[in-house]
Each structure stands twice: as structure tokens, then as C-alpha cells.
1. Which three extents, in angstrom, do the Cα atoms of the range 199-350 have along their principal axes, listed largest first?
2. Report the charge-dipole magnitude of the range 212-296 in Debye, nearest 20, computed about the Cα centre from +1 at each Lys and Arg Cβ and -1 at each Asp and Glu Cβ.
3. Go ahead and run the numbers for FRET between Glu125 and Ala309, Cβ-Cβ distance against an R0 of 30 Å, rounding to 0.05.
4. What is the dipole size for the chain, taken about its Cα centre, with +1 at each Lys and Arg Cβ and -1 at each Asp and Glu Cβ, in debye to the nearest 20?
5. With the contact rule set at Cα under 8 Å and sequence spacing of 6 or more, what percent relative contact order holds for the range 110-152?
6. Would you calculate the separation in nanometres between label points at Gln209 and Thr260, each defined as 7 Å from the Cα along the Cα-to-beta-carbon direction?
7. If we sort 407-414, 233-240 on the protection proxy, mean other Cβ atoms within 10 Å, highest first, what's the order?
8. Starting from the 7 Å offset along Cα-to-Cβ, what nm value, one decimal, do you get for the label separation of Ala157 and Thr328?
Amino acid sequence: MSKQNKVIVIGGGASGMMAAIAAAETGASVTILEKNSRLGEKLRITGGGRCNIWNEEHDERLLLANYGSTSKFLFSSFARFGLTDTIEFFNRIGIKAKVEAKNRAFPVSERAEDVAEAMVKRIHELEIQVLYGTEVRGVNKKNNTVKTLETSTGLQAADQYILATGGASKPETGSTGDGFKFLSDLGHKIESPTPTITPLKVKETWIKQLAGTPMKDVRITFSVNGKKSFRLEGDILCTHFGMSGPMILNSAHKVADLLTQGTVTAHIDLYPTMDEKELDIFILEQLSTHGAKQLGNTLKYIVPEGMSAGLKELVSSLDLSMNTGELTKEQRLFIALLIKAMPLTIENLMGFDKAVIADGGIDIKDIDTKTMRSKHYNNLYITGDLLHVNRPSGGYSLQLCWTTGYLAGRSVVNDVLS
């Protein structure tokens, strides 16, 4: 294949870099248009900088189940480039992974930067042209073909175009939803994006005092208008605005539904494996051991590490200077009940700037998922977060980028040859 087939990739994020590499390895002449000063800005900060590079669930049926109603459309995509292919690709460019809880895979170095730089290195090896600081401002079409792109550095033209601008989460990395506008202007139906995998903002200050502290193996129960709705068990990360961590992020969409129905509250049980009687015995044991100390100095012994500052605020109606031997049964019960149900009021979901994933984008029914080509334009391919595909955190979003990016990159060449 000669390099006469010119391909432009709009966006140098995860799926864009994968698409560019796949196209170039198949023989196309590839140019990436990137509005930032370097490639892979969002990739470099994903997973808290560790990069949850994929989810190593080798049962394809179970893996695809995490993509909800779109799983049946993605089956053909993953059959062509799935988890095993992804692992082989990254091994080839020097990235080895280790697997942690819930099949979450991370690079052995635990550095997202290393993943991005390995892809950048491959892009340089393939002599892919990268035009930095180049923002696409419009798409010109004729009939069912994309003709040219209007950019901040002038008109750009190619035979095939891959749109990989990303969604609307983490706008500071350049993901500002530009691709949604382009697709809408081209006549595609676009679902408006909402931040679905995102932390929760709460009213109470006690949890904000614990910012950076993890709550391990707790139970949280969500209610709307005082009626229990659902509960979760796992870890919660306290933040300066409320709650985060994978368990919270992945339940945010359910909380969003509750917020439309009324006042949403939550209660955290620090000791879900103990009932009230067992907890009371535990508290008595701690008070007995530390009976000569003031209550305020003893609370740290009856809650998990790092939680005492929050409990102090919740029990502030008590005299924290009293000797623990002076504590009445009613006061002890008051403390126990708070430990079993630390109260929170959910104000809202955090916005796109805090969102790990935002949904919205092009209806996947408008895409040939074997090639990622638009069904309305014969030379336009669409990848990654531009697709309206709901998925949890845990490596599923990046796998979507790897799969769709690779298919688009290979298809821009194969579609011409066929």
C-alpha cells in the first residue's frame, strides 16, 4: 500500500493515537491535528495518574455486559480487536501491565505518563505528522463525503477522516465537546453529554474535614425523601467537596436519578459487619481500656483510623472534655448510632471538570461498528468518547478507545482497498 491514501485524525488522545498508529502501520499517510501542545493530555492523568489501562476480564460476554444496552452493537468491534489484541499491542510497544482487584489492569510502572509516551514514541517511529496547536473549527462536506476541515492554521484536506476529539469530561485537557458540535452540524443525532461517572457533592462539613482519607469496607445507604433506595459496600474516598472513589463514581448515575425525585440523603456505616449490640460491646471495651482519658481523645479508638475528626463534629453536642468513665448509656448509644449511620445530604453531582467519564455523543446505531465508519459519510470514522456508550470506571472506557481507535485506523485503509 503506497502512502497516497491520506488520513487526518482529529484529536491526539487515547483513541486518536491508537487510530493514527493503526492507520500508519497499514500503510496510510497520517496527520494528527492536536489543539494542545502535546499528545495524550487526558491519558496522562487517567486513573489518578496510574492509568487503568484496561479491564482484564477475558470472558468477552462478561466484559461487554459493562457497556449496557450498546453491548450487542459492540460485539463485532470487540471480535475484531478485543482485550487479547490490546494486551498484545501494548506489549509490543513496551507496556506491561499488572492486574489488581476487579480485574483492573495498570502499567507495571503505575505511570500513565509511560503509556502516553510509549504511544508517542511509536507515532514518531511511524513518521506520523502531528500538527500541534491546531484547532478544528468547522467541517466542510459535499453530499455524503467530508471534503475539508477549517482549522486555526488553515484549510486541511485528506481522503479519510477520523474524528477522535473525546467527550466533555476533563475540559482542561482539551475535551470540550467540540466533536459533538461537528457531528451535529453534519446531521448526526447527538445525545447531550452529562457527567455520569463523577464524585458527589455533599452539604455536611464533617466529611470534608477528612479530605484525602479513605473509608475502608463501609456500607452506604442512599435514600430519597426519607425512603431507602439502594446501598453499596466498599471503599469511599473523602474529599474537600464530599465523596469519591470507584464505588461512588460508578453509582453517580443512580444518585442523579434520585436527585430528580427529591431530597437525597446517605448514611455511612463504618462497621457493617457489627450489629448495634456488638458495636456497643466494642465501644465499652475501648472505653474501659482508655477510661482515664477525655472523650474527645478517646474517639479515635472506636472508629477506623482517620475518622475521629468527623465523629468529633457529629458528637459535638456532648462534652468532649468529660472523662470517658462519666459517659452514660444513652450517650454511648448516641455515639454508636452515629457510627452506624453517619449522615450526609447529597447536594449534586460534580461537573464535567471532575467527571471521569461523561456520557452523550453519537448514537451507536449511526456507526458501522465493524469499521467505526459513519453510516452517513463514506470517509468519516468516529471513535472513543464521542460514542454514546455508558460504561463504569474500571478500565472499560480506555478499552473502548483502544478498540474503536484501532478499528477506525485499520478501516480507513481497508475500506479503500475493498
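Read-outs throughout are calculated quantities, based only on the coordinates presented, and are distinct from any laboratory measurement. Worth saying up front: this structure is predicted, and the values here are computed from it rather than measured. Glycine gets a Cβ as well: all are built from the backbone with ideal geometry, and neighbour counts include every protein chain shown.
1. The Cα atoms of the range 199-350 stretch 48, 27, 25 Å along the principal axes, largest first.
2. Values: 8 positive and 10 negative charges, 61 e Å.
The calculation lands at about 300 debye.
3. Details: r = 52 Å, r/R0 = 1.74.
Calculated value: 0.05.
4. Value, rounded to 20: 740 debye.
5. Computed value for the range 110-152: 27 percent relative contact order.
6. Those two pseudo-labels are separated by 3.7 nm.
7. Working: 407-414: 25.1, 233-240: 18.1.
Result, highest mean Cβ count within 10 Å first: 407-414, 233-240.
8. 8.8
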